[in-house]
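Read the structure below first, then the notes.
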Amino acid sequence: MELQELRSFIRGLPKAELHLHIEGTLEADMIFAFAQRNQVPLPYASIEDLKNAYQFTDLQSFLDLYYAGAAVLQTEQDFYEMTWAYLEKAAADGVVHAEIMFDPQTHTGRGIPMETVFAGIAGALRQAKPGLGISGSLILSFLRHLSEENAFATLEQALPLREAYRDVWLSIGLDSSEKGNPPEKFERVFRRCKELGFRLVAHAGEEGPASYVRDALDLLGAERIDHGVRSEEDPALMQRLQQEQVPLTVCPLSNLKLCVVGDLKEHNLKRLLEQGICVTINSDEPAYFGGYILDNYVATAQALGLSKEQLVQLAANSMAARF
Ligand code: ADE
Ligand code: ZN
C-alpha cells in the first residue's frame, strides 16, 4: 500500500489509545508558551534547542528531561489546554476512546494542588465526547521511583475528589523507572486500590525482566500490562498471556527512542500478535518520541510489513481491551 493509502486506511479504523501519558503530550512549543505565561525559567534558549535535547539512551535519560518539562504546568488552564490539544490530535488520527494516564506526584511534589491537576485534565476529557466524539477515562499513575508510602499519601490526597470525578477517574497505574523498582514494592497500595474498586494497570517488561510482568499480574492484580515486550523471554508467561488474553499496550516509537529496540524492524510486535497475544499499539509520550498513534501504526506497519488483517486486529484488540 502507498503511504497515503496506508495512513487513511489506519485512520479509518476505530481505535482506542490505552497507553498515553498526558504529560508526554507537551510539545516543545507548548513548553515554551507555558513557561513564558507562568514565568518559569527554562534551561534552553529556544524550541529548537529543547528539541535537540530529545536524544535518549534509555528510560531514565528520558524521564529526567520529561519531569523537568512538566514543571511548566502550573494552572488548571495549562492542564486543560495540554489535554485538549492531545484529544484533537487523537480525534484526527481516528481514536474514538482514550484512557489517559497522569502522574499527580510530578505535580503535587512541586506544590500544585491535586484539584488543579484533576480539574484541568478531566475538564478537557469531559468536553471530548460532545466536542470530538471521543470517550475516555483517566488512569492515576503512581511513580515507582518514589516510595509506596508516597503512593499511599497520593491516593489519600486524591480520594476526596473521587465522587466529583467518578465519571472519568476509573483506574490506577504504575510508571517511571522500572529497573530496581519491582512490582512487589507496590503490592499493598495496589491491593487497597483494588478494594476501592479501581481498574488496575502497570508498566512492566519495558526495560525490566519478564518476571516483572508476571509479578504485575500476580502481586498487583494488573488487568493490562503497559509495554510487556520482554514477556517473550519467558515461554510460560507467553502462554499465559495468550490464554488469559491479557492486553499488552505496546508503544513502538517509544521502544525505538528509548533504545528498548535498536531498529523498528527488530520489534517483536508482529511475533506477539502472531502468537495470539492481545497486542495493541499506542503512543506513550508522543511529543517526545516522534509521533502520535497513527504515526506509531504506520511506522510499525512499514517496518514489520503488517497486513491489513493484522492492522484491523490491532485496532480491534484496542477496543476490546478498553475498561
Ligand atoms: N513514564 C512516562 N513514560 C514512561 C515510560 N515509557 N515508561 C515508564 N514510565 C514512564
Ligand atoms: Zn508509558
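Tell me which residues, restricted to segment 1-40, are within 16 Å of ligand 2 (Cβ to nearest atom), hydrophobic (A, V, I, L, M, F, W, C) and more than 18 Å from residue 252 (Cβ to Cβ). Passing the criteria: 22, 26. Considering the conditions (1) within 12 Å of residue 104 (Cα to Cα); (2) surrounded by fewer than 18 Cβ atoms within 10 Å (Cβ to Cβ); (3) not hydrophobic (A, V, I, L, M, F, W, C), residue 154 is excluded by exactly one of them, (2). Contact map, segment 293-318: residues that are under 21 Å from residue 18 (Cα atoms) paired with residues that are among the small types (Gly, Ala, Ser) and not in a loop (DSSP other than H, G, I, E, B), Cβ distance under 7 Å, separation 6+ or inter-chain. Pairs shown: 293/90; 311/301; 318/16. Highlighted here would be helices (runs of 4 or more DSSP H) found entirely within segment 229-323 that include at least 3 residues which are modelled with pLDDT of 95 or more, under 24 Å from residue 98 (Cα atoms) and among the basic types (Lys, Arg), but there are none.
The set of residues from segment 59-98 being more than 16 Å from ligand 2 (Cβ to nearest atom) and out of contact with any helix residue (DSSP H, G or I) (no Cβ under 9 Å at 6 or more places or on another chain) comprises just one member, 68. As a summary of the residue check, residue 208 satisfies the conditions (1) touching a Leu at 6+ places or on another chain (Cβ under 9 Å); (2) outside any strand (DSSP E or B); (3) buried (at least 17 other Cβ atoms within 10 Å of the Cβ) except for the one numbered (1). Only a single item in (1) within 20 Å of residue 60 (Cα to Cα); (2) touching a residue at least 24 places away in the same chain (Cβ under 8 Å); (3) within 16 Å of ligand 1 (Cβ to nearest atom) is not met by residue 109, and it is number (2). Just one residue in the set 88, 17, 2 is acidic (Asp, Glu), away from ligand 1 (no atom under 16 Å from the Cβ) and within 30 Å of residue 115 (Cα to Cα); that residue is 88. Checking each residue in segment 20-40 for being within 16 Å of ligand 1 (Cβ to nearest atom), over 13 Å from the mean Cα position of the chain (by Cα) and among the β-branched types (Val, Ile, Thr) picks out only 31. Between 80, 54, the distinction of being assigned to a helix (DSSP H, G or I), aromatic (Phe, Trp, Tyr) and either at positive phi or more than 17 Å from the chain's Cα centre (by Cα) (or both) belongs to 80 only.
Within segment 282-323, the residues that satisfy the criterion of being surrounded by fewer than 23 Cβ atoms within 10 Å (Cβ to Cβ) and among the aromatic types (Phe, Trp, Tyr) are 292, 323.
Just one of the numbered conditions (1) out of contact with any Asp or Glu (no Cβ under 7 Å at 6 or more places or on another chain); (2) free of Cβ contacts under 8 Å to residues at least 40 places away in the same chain is not true of residue 174: (2).
Taking each residue of segment 9-26 that is within 14 Å of residue 87 (Cβ to Cβ) and in contact (Cβ under 8 Å) with a residue 60 or more places away in the chain and looking for partners that are away from ligand 2 (no atom under 14 Å from the Cβ) and of a type in the set (Lys, Arg) with beta-carbon atoms closer than 7 Å, six or more apart or interchain, yields 16/322. Residue 217: surrounded by 24 or more Cβ atoms within 10 Å (Cβ to Cβ), farther than 30 Å from residue 2 by Cβ, more than 16 Å from ligand 2 (Cβ to nearest atom) and of a type in the set (A, V, I, L, M), yes or no? No. Filtered by the rule that a residue be farther than 12 Å from residue 78 by Cα and either basic (Lys, Arg) or part of a strand (DSSP E or B) (or both), segment 10-38 gives 11, 15, 16, 17, 20, 21.
The values are calculated or read from the model by the stated rules, or taken from the named source; none is laboratory data. Keep in mind that what you see is a predicted model, and the values were worked out from it rather than measured. Positions of Cβ are generated from backbone atoms using ideal geometry, with glycine treated the same way; all protein chains shown enter the neighbour counts.
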